[in-house]
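Accompanying notes for the structure given below.
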Amino acid sequence: MTEFYPVYLQTQAELEHHFSALPLLSYLALDIETANWWKPQEEQIAMLQLAYRDLQGNIQVLLLDAQGMQSWQPVQLLLEDATVPIAIHNASFDAIKLRQHFRIHAYPIHDTMRAARRAGARRYSLAALVQQHFGVELDKAEQQSDWSRRPFTASQLRYAAKDAGYTLLLYEQQRELGLSGSYTLPAQTEMPLLAAPPQIAEAPAAVDTVDLSLPEGISLIGLAALGLVAKKPHYYSPSALVVAIGNERSGLAGWIVRAFLGEDADIEEADAQLSIANLMAQGVMTLDSFRRCEITPAGDELWQRCKTAARL
């Protein structure tokens, strides 16, 4: 397993000092960690991770604590340099969040998830691709971390570094294979912080043969999350719900996800976050006083209707 030894930058002075000494880069990889992602008006980018190769060919990872930065200009100059490709896994999440929060228009972008899908991969989450191509199982326990709290733990820093580092390695492999993952940011509009994620998995026959008539902005991923909360209200935090429908895939969570998304569904963390955030925005899911998920009367009505239509 490749080990990454990140440099953690916590202040504006550290950022400017380190970026002034960066070598000329041929390419880099980027990842972000978000906090309060289920509330559009409170959402923050908590950390930005950059991975690149130094002049000796070693992978370097920078972890930028967003809380300590007053200006993102050094990062903006790097990420908007048209001569330096940026590898991002699921760019439709990270790149759009960068533009929304920091007004950084990253370009040019190679989306490693898009490249894997175009190449016919059935499982294309970062964890699945790293397992397949590098034989490494990424520890995703920190998905449930509260990224709004400081200081970050050593485990959080390791987690963040690995996501960026392995995205870089995956990009290098895809480039050698000639895989295309080009991604262009959609035109700038008065876009909401939330956008409905694509239906990334093929629905099973039971769902495919009926019209669920989902409200606009609610995906099958969201419906699976809604069903899980209907069965276990006041149990999951938003981050734990992401893990339940994305990674655990056992017991009740596994049954509901398989029912709506199919046996081989591979749910990327960012898609699960967007889907759950949209449930909150649509008023079909909310948080109780302990920040645990519960469905609203409108959510229960939607779930009962879809469950009946799908004969579950």
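The values are calculated or read from the model by the stated rules, or taken from the named source; none is laboratory data. These figures come from a predicted structure and were not determined experimentally. Glycine gets a Cβ as well: all are built from the backbone with ideal geometry, and neighbour counts include every protein chain shown.
Output the residues belonging to the range 260-283 that are in a loop (DSSP other than H, G, I, E, B) and closer than 18 Å to Pro215 by Cβ. Steps first, answer last, please.
Going residue by residue through the range 260-283, those that are in a loop (DSSP other than H, G, I, E, B) are 262-268, 282-283.
If the condition is that a residue be in a loop (DSSP other than H, G, I, E, B) and closer than 18 Å to Pro215 by Cβ, then Gln282, Gly283 are the ones that fit.
Taking the numbered list (1) part of a strand (DSSP E or B); (2) crowded, with 23+ Cβ neighbours inside 10 Å in turn, Thr286 passes all entries but (2).
For the subset of the range 100-122 comprising residues that are part of a helix (DSSP H, G or I) and basic (Lys, Arg), which member is nearest to Trp38 (Cα to Cα)? Out of the qualifying residues, it is Arg114.
I'd like to check something: does the range 267-276 contain any residue that is touching a residue at least 40 places away in the same chain (Cβ under 8 Å), over 17 Å from Cys293 (Cα atoms) and among the β-branched types (Val, Ile, Thr)?
So the first thing to find is which residues in the range 267-276 are touching a residue at least 40 places away in the same chain (Cβ under 8 Å), and the list is 267-276.
Checking which are over 17 Å from Cys293 (Cα atoms) leaves us with 267-271.
Narrowing further to those that are among the β-branched types (Val, Ile, Thr): 267.
Yes, that holds for at least one residue.
Return a yes/no flag: does the range 171-184 have any residue that is modelled with pLDDT under 95 and hydrophobic (A, V, I, L, M, F, W, C). Within the range 171-184, none of the residues are modelled with pLDDT under 95 and hydrophobic (A, V, I, L, M, F, W, C).
Here is a yes/no grid of residues against (1) closer than 18 Å to His101 by Cα; (2) at pLDDT below 95:
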{"position": "Ala13", "(1), (2)": "no, no"}
{"position": "Glu16", "(1), (2)": "no, no"}
{"position": "Gln41", "(1), (2)": "yes, yes"}
{"position": "Met47", "(1), (2)": "yes, no"}
{"position": "Asp54", "(1), (2)": "no, no"}
{"position": "Gln60", "(1), (2)": "no, no"}
{"position": "Asp65", "(1), (2)": "yes, no"}
{"position": "Met69", "(1), (2)": "yes, no"}
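For the range 29-46, the set of residues classified as within 20 Å of Thr112 (Cα to Cα) and aliphatic (A, V, I, L, M) consists of Ala29, Leu30, Ile32, listed by residue number. In the range 2-29, the residues that are over 23 Å from Ala91 (Cβ atoms) form Cβ pairs under 8 Å with partners that are among the hydroxyl-bearing types (Ser, Thr, Tyr), at six or more places apart or across chains, as follows: Gln12/Ser71. If the condition is being surrounded by fewer than 17 Cβ atoms within 10 Å (Cβ to Cβ), of a type outside the set (A, V, I, L, M) and in a loop (DSSP other than H, G, I, E, B), then the range 11-53 contributes Thr11, Pro23, Ser26, Asn36, Lys39, Pro40, Gln41, Glu42. The set of residues in the range 123-140 that are assigned to a helix (DSSP H, G or I) and in contact (Cβ under 8 Å) with a residue 40 or more places away in the chain comprises Leu126, Ala127, Ala128, Leu129, Val130, His133, Phe134.
Please pick out the residue among Ala95, Ala115, Ala106 that is surrounded by 15 or more Cβ atoms within 10 Å (Cβ to Cβ), in the same structural domain as Pro74 (by TED's automatic domain parsing) and either out of contact with any helix residue (DSSP H, G or I) (no Cβ under 6 Å at 6 or more places or on another chain) or on the phi > 0 side of the Ramachandran plot (or both).
Details: Ala115 fails: either out of contact with any helix residue (DSSP H, G or I) (no Cβ under 6 Å at 6 or more places or on another chain) or on the phi > 0 side of the Ramachandran plot (or both); Ala106 fails: either out of contact with any helix residue (DSSP H, G or I) (no Cβ under 6 Å at 6 or more places or on another chain) or on the phi > 0 side of the Ramachandran plot (or both).
Exactly one residue qualifies, and that residue is Ala95.
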